[in-house]
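Asker: After the structure tokens below, expect a handful of questions from me.
The values are calculated or read from the model by the stated rules, or taken from the named source; none is laboratory data. Worth saying up front: this structure is predicted, and the values here are computed from it rather than measured. Because the Cβ atoms are built from the backbone with ideal geometry, glycine has one as well, and the counts that use them run over all protein chains shown. Heavy atoms of the whole protein, side chains included, go into the accessibility calculation; ligands, DNA and RNA do not. Shrake-Rupley method; radii C 1.70, N 1.55, O 1.52, S 1.80 Å.
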Amino acid sequence: MAIDTPTAPATPATATDPRDARLSGRAKLVLFVLCAAQFMVALDFSVLNVALPVLGEDLGLSRSALQWAVTAFALPSGGFLLLFGRIADLYGRKKLFLTGLALFGAASLLATLAWDPASFLAGRALQGLGAAVIVPTGMSLLTTTFPEGPQRDRALGISGTLLSLGFTVGMVLGGVMTDTLGWRSTMGLLTVAALVVLALAPGLLPESRTPDRPRLDVPGAVTVTGGLLALIYSLSTAAQRGFGGADVWGTLVAGLALLAAFVVIESRAQAPLVSLPMLRRRTVAWGNLGGLVTFSMMSTVVFVLTLYLQEVLGLSSFRTGLVFGVQGVLSAVAGGFAARVIGRFGARRTLVLSLLGQGLFIALLLAAGRESGALLATVAVSLASMCHLGAIISYGVTVTSGVPDEEQGLATGLVTTTQQVGITIGIPLLGVLATTGDDLFSGVRTVLLVDAVIVVAAAALVAVGLGRRRA
């Protein structure tokens, strides 16, 4: 997704001068609308987590099928993200942003009124599709509205803080609302939020599109999305029925074939969704590997820990939300110090150390028992999340460092796509190990052990990969 940045002749420092971090009143309103939309999407990622057991019982979703409440949202939000970013470049970011808000609001209403698992999962999938529109267009509107320099740095800092806060608030609100109003209220909250942002956005946001009007890489988007869909379906079906079915192997092979076709298409496309030459950069390749691992493994921990706290220890949705609330607050605190750490140790070293810390603190969760462990879980997952946030920030800096200005849009597009794909694949790959056995506690321990080993191994690989000198 190409991100164009408007340029202007040098002028004395004013509220709109790139050298001045002060924002005008209208600029603050624009930032509020864009950040509110991003906050809403972050809220959707977390607000339903603590409600999963109650939701499953109400709608008749089995324990092994609960992952689809998360995956149905994450899959389209990751698969279509690059495509919608490119469509926004062609037809206007404001126009598509408003369309995404409308779709997200309607989908949230469908999920609120869901009468069976199919209608609920359809609502979640449409929410993910709406999020795939909102995230890239909102970020592009932010970077094209605020000039490069202090203003944009301030805007991105506020946006990043609200994203972290959205996850935290979502976990706490999810527990409170599920206990007092029922799980449907969590989806209803998103409906109202979408309507509020949709009412404010048209009169505030400027229209924006890139002047070079890049071609739409439809074959690339179709193959990568179809490949991910097929892989997630095969893994999720195998978790419930085993690998003996023809549909499992058929979709697995089809998914791998589509992803292979995607690589071939991108190597020949004039305006690819993913720049393969850029992926040959050490910082881009190894940085994105670190990002993929930190997102996929942490989302899995949150999923299985929710089941452990509620179904093994018997905590209420509210108390479970408080556990993740502490996690979110400490992560936000860590975000405030991340820039200083990166400035002192460098982004690459910070990424490696953050991954290592995340893996070790996830391993600490193995000490939690069947009868008690809520306090240990709170401390361990909070410390793991602080390291996780350090990995998120440092991998973003690593990937975009040394990339020419004309390729920054592609680099940031890869960062966002890695985030979405990581959230998508983690739970189907590992979460199913906790939900398919007879003993949930043993399944959770297995997932945490495998999760920790993967993160530590990734830290070692990234350290070697980023440490190699150029030939």
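Asker: I need the shape label for the stretch 79-128. Rule: rounded when a/c is under 1.5, else prolate if a/b > b/c, else oblate, with a, b, c from the alpha carbon gyration tensor.
Answerer: oblate
Asker: Could you give me the ³J(HN,Hα) list for the stretch 299-311, computed from phi with Karplus coefficients 6.51, -1.76, 1.60 and θ = phi - 60°, whole Hz, x at Gly and Pro?
Answerer: So the J values, rounded to whole Hz, are 5, 5, 4, 4, 5, 6, 5, 4, 5, 5, 5, 8, 9.
Asker: Calculate one ³J(HN,Hα) per residue across the stretch 316-327 by plugging θ = phi - 60° into the Karplus curve 6.51 cos²θ - 1.76 cosθ + 1.60, and present them in order as whole Hz with x for glycine and proline.
Answerer: 6, 4, 5, 5, 5, x, 5, 4, 6, x, 4, 4
Asker: Continuing with this model, one more query. Grab the Cα-Cα distance for Phe337 and Ser119, subtract it from 0.36 nm times how many residues apart they are, and report the gain in nm with one decimal.
Answerer: Residue separation times 0.36 nm, minus the Cα-Cα distance, leaves 74.2 nm.
Asker: Starting from 0.36 nm per residue, how many nanometres of slack lie between Leu375 and Glu57 once their C-alpha separation is accounted for?
Answerer: So the extension gain works out to 111.8 nm.
Asker: Which ³J(HN,Hα) values, rounded to whole Hz and listed in residue order, are derived for the stretch 121-127 from phi using the Karplus coefficients 6.51, -1.76 and 1.60 in 6.51 cos²θ - 1.76 cosθ + 1.60 with θ = phi - 60°, glycine and proline given as x?
Answerer: 5, 5, x, 5, 5, 5, 4
Asker: 7 Å from Cα along Cα→Cβ at both Val218 and Arg344: what's the point-to-point distance in nm?
Answerer: 5.4 nm
Asker: In addition: At a 10 angstrom cut-off on C-beta neighbours, averaged per residue, how do the peptides 68-75, 249-256 rank from highest to lowest?
Answerer: The packing order, highest mean first, is 68-75, 249-256.
Asker: In the stretch 61-111, what percent of the accessible surface is made up of carbon and sulfur (1.4 Å probe, ligands and nucleic acids excluded)?
Answerer: Of all accessible area on the stretch 61-111, carbon and sulfur atoms account for 76 percent.
Asker: Further, regarding this structure: Quick one: if the Förster radius is 25 Å, what FRET efficiency do Leu204 and Ala102 give, using the C-beta to C-beta distance and rounding to 0.05?
Answerer: The formula returns an efficiency of 0.95 here.
Asker: What does the C-alpha gyration tensor say about the overall shape of the stretch 238-384? Classify as rounded when a/c is under 1.5, otherwise prolate if a/b is larger than b/c, or oblate.
Answerer: It is oblate, given that a/c is not under 1.5 and a/b is not larger than b/c.
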